[in-house]
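The values are calculated or read from the model by the stated rules, or taken from the named source; none is laboratory data. What you are looking at is a predicted structure, and each value in this text was computed from that prediction instead of being measured. Note that each Cβ is placed from the backbone with ideal geometry, even for glycine, and that neighbours are counted across all protein chains shown. Accessible surface areas use protein heavy atoms only, side chains included; no ligands, DNA or RNA. Shrake-Rupley method; radii C 1.70, N 1.55, O 1.52, S 1.80 Å.
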Amino acid sequence: MVWIPVGLVALGALAVYMNEIIIFPLLFSVVGMLYFTAVFARDAESGVNRTILAGPVSRNALVYLNYLVTIVIGVVAFLVDALVGKFMGAMMWEDVLAFALLSFAGAVLLVIIQLPLFYRFGPEKAKLFLVAVFVLIFASSSFIGDYKEQIAQWFADIHAFSSVAISGIVLGVVLVFTGVSLVVSRKIVASREF
């Protein structure tokens with residue numbers, strides 16, 4: 001698990017060196033997924049949920065803890081990308097807000113999809129979601145390269161709207177999906193036997 005921070009720092013340094021700030025939201029989108037994959041795989045390997053060993057914990061507290069970690073990862077992504085966007089990208093504050101919220105949304109949305117899968121199917125089957133996300137990222141890079149002019153025009157059209165309004169919509173969508181995912185996860189964990 002030590003390789004995750006080392007790899008992220010190396011990719012972040014490469015992004016700074018190449019002046020490609022769009023890499024930062026992608027990095028943070030993968031951080032949470034890798035973290036929870038490692039945690040659930042470790043617990044499955046040992047056959048023991050190590051969070052329970054820390055003390056008497058309710059099932060709901062276990063679920064809340066994982067969602068809290070997810071939000072913390074999202075907030076760190078937001079703060080780092082806000083700094084990167086402001087100092088590296090020299091953006092206006094409205095655009096920095098939208099850029100940082102994009103990173104927050106990516107980091108949180110992928111994990112809140114992944115967590116109920118982990119609770120329901122366990123780490124072995126839920127890892128397929130991680131693989132599917134990576135395949136989608138690599139497949140979309142070819143698509144983006146082929147249609148970059150149309151995508152740039154689409155972003156220009158969206159940018160005609162207020163960045164603050166777009167940021168508010170993104171934040172609202174993330175919070176609604178997080179709430180739904182939390183409820184689903186709680187129901188799954190309540191029905192499981194430890």
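The length gained on full extension between Ser162 and Met92, counted as 0.36 nm times the residue separation minus their Cα-Cα distance, comes to 24.0 nm. Put a dot 7 Å past the Cα of Arg42, heading toward its Cβ, do the same for Leu65, and the two dots end up 1.2 nm apart.
Probing with 1.4 Å while keeping every protein chain in the model, the per residue accessible area of region 82-134 equals 48 Å².
Computed over the alpha-carbon atoms, region 65-118 gives an Rg to Rh ratio of 1.09, Rh here being the Kirkwood radius from the mean inverse distance. Between Leu136 and Leu83, take the C-beta separation as r, use R0 = 30 Å, and let me know the FRET efficiency to the nearest 0.05. Once the sixth-power term is evaluated, E becomes 0.60. Once the chain from Val6 to Leu175 is taken as fully extended at 0.36 nm per residue, the excess over their C-alpha distance is 57.8 nm. Inter-label distance, Val76 to Lys125: 3.0 nm, where each label sits 7 Å from its Cα along the C-beta direction.
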